[in-house]
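> The structure that follows is given in the form of structure tokens.
Quick note: the coordinates plus some simple rules give every number you see, no bench work behind them. No experiment lies behind these values; they were computed from the predicted model shown. Neighbour counts are summed over all protein chains in view; Cβ atoms, including those assigned to glycine, are modelled from backbone coordinates with ideal geometry.
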2 protein chains.
Amino acid sequence: MTDLTQMGKAAKAASRQLAACSTERKNAALLAIAEELEAQAADILAQNALDIQDGKAKGLSEAVLDRLLLNEKRLAGLAADTRSVVALRDPVGAEFDSRVMPNGLRLCKRRVPVGVVGVIYEARPNVTIDIATLCLKTGNATILRGGSETLRSNIALVKVIQAALRRVEFPADAVQYLDNPDRALVAQLLRLDHYVDMLIPRGGASLHKLCREQSSIPVITGGMGICHIFVDESADLTRAVDIIENSKTQRPAACNALDTILVHPAVAAELLPKVAERLKRSNVALKADERAFPILQQAGFGDMTTPAVPEDFDQEWLGMTLGVKIVDTLDEAIAHIQDHSLDHTDSILTNDFARATRFVNEINSAAVFVNASTRFNDGGQFGLGAEVAISTQKLHARGPMGLEELTTYKWIGIGDGHIRK
Amino acid sequence: MTDLTQMGKAAKAASRQLAACSTERKNAALLAIAEELEAQAADILAQNALDIQDGKAKGLSEAVLDRLLLNEKRLAGLAADTRSVVALRDPVGAEFDSRVMPNGLRLCKRRVPVGVVGVIYEARPNVTIDIATLCLKTGNATILRGGSETLRSNIALVKVIQAALRRVEFPADAVQYLDNPDRALVAQLLRLDHYVDMLIPRGGASLHKLCREQSSIPVITGGMGICHIFVDESADLTRAVDIIENSKTQRPAACNALDTILVHPAVAAELLPKVAERLKRSNVALKADERAFPILQQAGFGDMTTPAVPEDFDQEWLGMTLGVKIVDTLDEAIAHIQDHSLDHTDSILTNDFARATRFVNEINSAAVFVNASTRFNDGGQFGLGAEVAISTQKLHARGPMGLEELTTYKWIGIGDGHIRK
């Protein structure tokens, strides 16, 4: 029987040991994990094969099966990723905002691990390794719960991680896996605030809603975006086509992929056919508002265009569909984005300094771009080295969460018999 | 009828206007509030007198009535406090962590307001002014809900604030008050995540529990502490008595007041009678464990000492009571604190460098002190200028929350036709 309270206690105890570990010891643990992944490859692949077999029997799509699949090459990639986490700078222990108060009390903030991180994630076995290693590097213990389609793969991976941790005399409870697929346990996990300090849900809107509404643990909301590009009348239209194509098609299932373009009427007649022509190559379907639709139809793109209904502008498409709307002014573009954005990523294409400045000032998404693809809102692209999630909430962290965002701080005050007057 | 959704919408709209306000305009609004508080003093005091009258009829204690009371002098103090917020540095708009990526994309983080802040607070009318002014200074709109005993005072104060905001052409909805005492509305407020970005409960354990369990808005938990001082064998005992007295008695109802002392046996026989003698002046009651009790009794302090029961070490006393326990080692002290602390404030008194270092490393409370009073964990004492709460959670902010902690950041990326490879 799964005893989540026991798992929470064990995680909390492990997190205290982890918090006191040097970077050197944490890196040794990561290297041991990489080695163990290689040594136990046969066992991991055998368990993964069973997951794949079940997935096929359940009729999962090829795309989903591909995300589930591990093979020699992918496993070697996971070991390499683990070694690359060794190379990342450890943010823990840094002291900042130091000051000496007028009474001589010396104050600073010191960066420390968050403690215990709970992560509920999609059915991708590589995420198990990503999250476990990034949390270990930052001294956090984890309780993991991945999608049920990868249950056996994940159990095998966590067994390997725990064996590696034991080998280097690390607390094995630093990485635990909720291996009971009973959904009632997720509800229990969400109430484990006595032991779990931070909860990261990765997955669809319903999981986020569940966590927001049910969790008594602070939740990092993110990973969902309705992303906009506003093409101003002064934009370089050739580059605009490139940026729109890149934002929409480079990885359409990503949360930073483009969902809606807003176009100034002065450039709509020239730009929209160019955009349609380019996106046709990727079989993108356009949902055009009542002003954009006739332009696209007249230009011969009626086959890939349908009239938009209002709800189309509240869709995160996660695929090859794009909303198209004509807006008369920057004000109208900003108002549309404020009403429809999920505060993830929005971009303006313009050569007008004042309008670029206003857009950056007034759009308050996690990432706001000028003349750049929405796809840049990403830990790797921002130079964070890695990411566990892209946050769209206001507290703690916004945008890509790298190592530093897996930490918090404590105040340290050094006195010499100081009392408060 | 109270329409919270309408309040939320109005707050969100106001927050967008506030986010675009210069520091100069925000300061003008604060000065207008200070003037209006003075101009409308008679009306505010009349409403407060009605609250006080009701409070007396309800049989509220003198201490509580004193917290509710406004008079000419206190109102002048609130106006002066408001003017002092003008002098604080505005954190909004600062850019930091700037970098140019290898592909030439220019990135930075810009500090921006959180948006809409919901605050549920105790029955103290001054808190209404504190929170409204600190949130205005940082460009945040607020929905306030104070204790019902100060309902009329708070309504009068917020009316004054809104009049001042209108006078300087600020959106009056920037500060709204939930003036319906129906408790069901609090539950509604906790679900207003579409409009409210951050929720700060100030008050007792039950309010925090309610918010943690029911709120779909990110909550800042804090304002509660079981605070410890560990007196090591190497401590300067004269200073130790001063620090313990200060920590316990300077403001016993504060969350950073001392709850438990842990004492090394080598100094217990000398220290405990001195502590008792000093605390007797303030009528402190001691709850002593089985080893400390006989020492105190033998030294003639049996009248102020009772044997501790285990639950006494899980009490936030909020008054003139102190737990006393003898621990044999630093390890035992750390373990006790880890098991009983609420991660608020803990302090070690020692002259041993290695033990001070270990205590600072291993205790992960929001503030950890060496040779200093627990009472220093405070926005004013830390030089933050002001505070809206003292956070004990790990995410977003720990310890005193000043102006910067009322902000978040957005990423800004400036490209030149940049697409992701």
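> Sticking with the crude label model, points 7 Å out along Cα→Cβ, report the distance from A:ARG166 to B:THR238 in nm, one decimal please.
5.7 nm
> Could you tell me which GluC sites (Glu not before Pro) in the stretch B:189-293 are loop residues by DSSP with no more than 12 other beta carbons within 10 angstrom of their beta carbon?
Taking the stretch B:189-293 and a limit of 12 other Cβ atoms within 10 Å, the loop GluC sites (Glu not before Pro) found are B:GLU290.
> Same structure again: Give me Rg over Rh for the protein assembly as shown, both radii from the alpha carbons and Rh done the Kirkwood way, two decimal places. Mind showing how you got there, number by number?
On the way: Rg = 28.9 Å, Rh = 29.0 Å.
Value, to two decimals: 1.00.
> Oh, and also: Going out from 0 in 5 Å bins, what whole percent of all Cα-Cα distances in the stretch B:227-376 drops into each bin?
P(r) over the stretch B:227-376, rounded to whole percents: 2, 11, 23, 26, 23, 12, 3, 0.
> Taking A:MET320 in one copy and the same position in all the others, each labelled 7 Å out along Cα→Cβ, what are the pairwise distances from the first, in nm, shortest first?
Values, ascending and in nm: 7.9.
> Between B:ALA299 and A:MET1, how many nm apart are label points set 7 Å from Cα along the C-beta direction?
4.9 nm
> Report the Cα centroid-to-centroid distance between the stretch A:216-259 and the stretch B:171-250 in angstrom, as an integer.
Cα centres, the stretch A:216-259 to the stretch B:171-250: 38 Å.
> Taking the stretch B:72-129, which trypsin sites (Lys or Arg not before Pro) meet the DSSP loop condition and have no more than 13 other C-beta atoms within 10 Å?
When the trypsin sites (Lys or Arg not before Pro) of the stretch B:72-129 are filtered for loop state and at most 13 Cβ neighbours within 10 Å, B:ARG89 remain.
> Report, largest value first, the span of the C-alpha coordinates of chain B along each principal axis, in whole Å.
In descending order, the Cα extents are 71, 69, 37 Å.
> Measure up B:LYS26/B:LYS73; A:LYS12/B:LYS394; A:LYS248/B:LYS12; B:LYS26/B:LYS109; B:LYS325/B:LYS394; A:LYS9/A:LYS394 against 19 Å on the Cα-Cα distance and list the ones that go over.
B:LYS26/B:LYS73; A:LYS248/B:LYS12; B:LYS26/B:LYS109; B:LYS325/B:LYS394; A:LYS9/A:LYS394
> Rounded to whole Å, give me the distance from the Cα center of the stretch A:127-169 to that of the stretch A:306-324.
38 Å
> Additional query: Determine the dipole magnitude for the stretch B:254-400: charges of +1 sit on the beta-carbon of Lys and Arg, -1 on that of Asp and Glu, nothing else is charged, the reference point is the Cα centre, and the result goes in debye to the nearest 20. Write out the running numbers ahead of the final one.
Details: 12 positive and 20 negative charges, 96 e Å.
Rounded to the nearest 20 debye, it is 460 debye.
> Related question: Test of the criteria: in the stretch B:146-189, which trypsin sites (Lys or Arg not before Pro) are in a DSSP loop and have at most 11 other Cβ atoms within 10 angstrom of their Cβ?
Working: sites: B:ARG152, B:LYS159, B:ARG166, B:ARG167, B:ARG183; in loops: B:ARG183.
Here the trypsin sites (Lys or Arg not before Pro) that fit, given the DSSP loop and packing criteria, are B:ARG183.
> For chain B, what is the mean residue ellipticity at 222 nm derived from helices alone (per DSSP H run of n ≥ 4: -39500 (n - 2.57); sum divided by total residues; nearest 500 deg cm²/dmol)?
Computed mean residue ellipticity for chain B: -13000 deg cm²/dmol.
> How far apart are the A:SER234 label points across copies, placing each 7 Å from Cα toward Cβ, in nm, shortest first?
So the distances to the same position in the other copies read 6.6 nm.
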